[in-house]
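The structure under discussion is supplied below as structure tokens; questions concerning it will follow.
The values are calculated or read from the model by the stated rules, or taken from the named source; none is laboratory data. Everything numeric in this text was worked out from a predicted model, so none of it was measured. All Cβ positions, glycine included, derive from the backbone under ideal geometry; neighbour counts span all protein chains shown.
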Amino acid sequence: MCGRAIVAALLLSYAWIGYHASDDANYANAVFFLFDDGPQGSGAQDFHAWPRFPVTLPIAASFNALGINTFSLALPTALYFFGVLSLVFLIMH
């Protein structure tokens, strides 16, 4: 299990692009519209990220729990990564 965690950490650090040059800004903006206007807000549909509730709702929860910062923005994606990686390991064994 420790080896899997090391492989996961190495893959995550290798593939990390951070806040720049990704969809993170669009997801964050969709979450801000969710906070301000609710799911039926007037500007919410301007972002392609809006209907992606499996992505935006965990980010909203992370923002509520940890504050608005890049760590709380990236945390749900990292948790999804570890979940998918664990699922692949379970299927392969």
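Would a scan of the stretch 72-83 turn up a residue that is part of a helix (DSSP H, G or I), more than 10 Å from the chain's Cα centre (by Cα) and at pLDDT 80 or above? If you could, list the steps in order and put the result at the bottom.
Here is the first cut: in the stretch 72-83, the ones part of a helix (DSSP H, G or I) are 72-83.
If we keep only those that are more than 10 Å from the chain's Cα centre (by Cα) too, we end up with 82-83.
From what is left, the residues that are at pLDDT 80 or above are 82-83.
There is at least one residue in the stretch 72-83 that is part of a helix (DSSP H, G or I), more than 10 Å from the chain's Cα centre (by Cα) and at pLDDT 80 or above.
Next up: Among the residues of the stretch 56-70, write down those that are modelled with pLDDT of 90 or more and either surrounded by 18 or more Cβ atoms within 10 Å (Cβ to Cβ) or more than 15 Å from Ala25 (Cβ to Cβ) (or both).
Just the residues of the stretch 56-70 that are modelled with pLDDT of 90 or more, to begin with: 58-69.
Those that are modelled with pLDDT of 90 or more and either surrounded by 18 or more Cβ atoms within 10 Å (Cβ to Cβ) or more than 15 Å from Ala25 (Cβ to Cβ) (or both): Pro58, Ile59, Ala60, Ala61, Ser62, Phe63, Asn64, Ala65, Leu66, Gly67.
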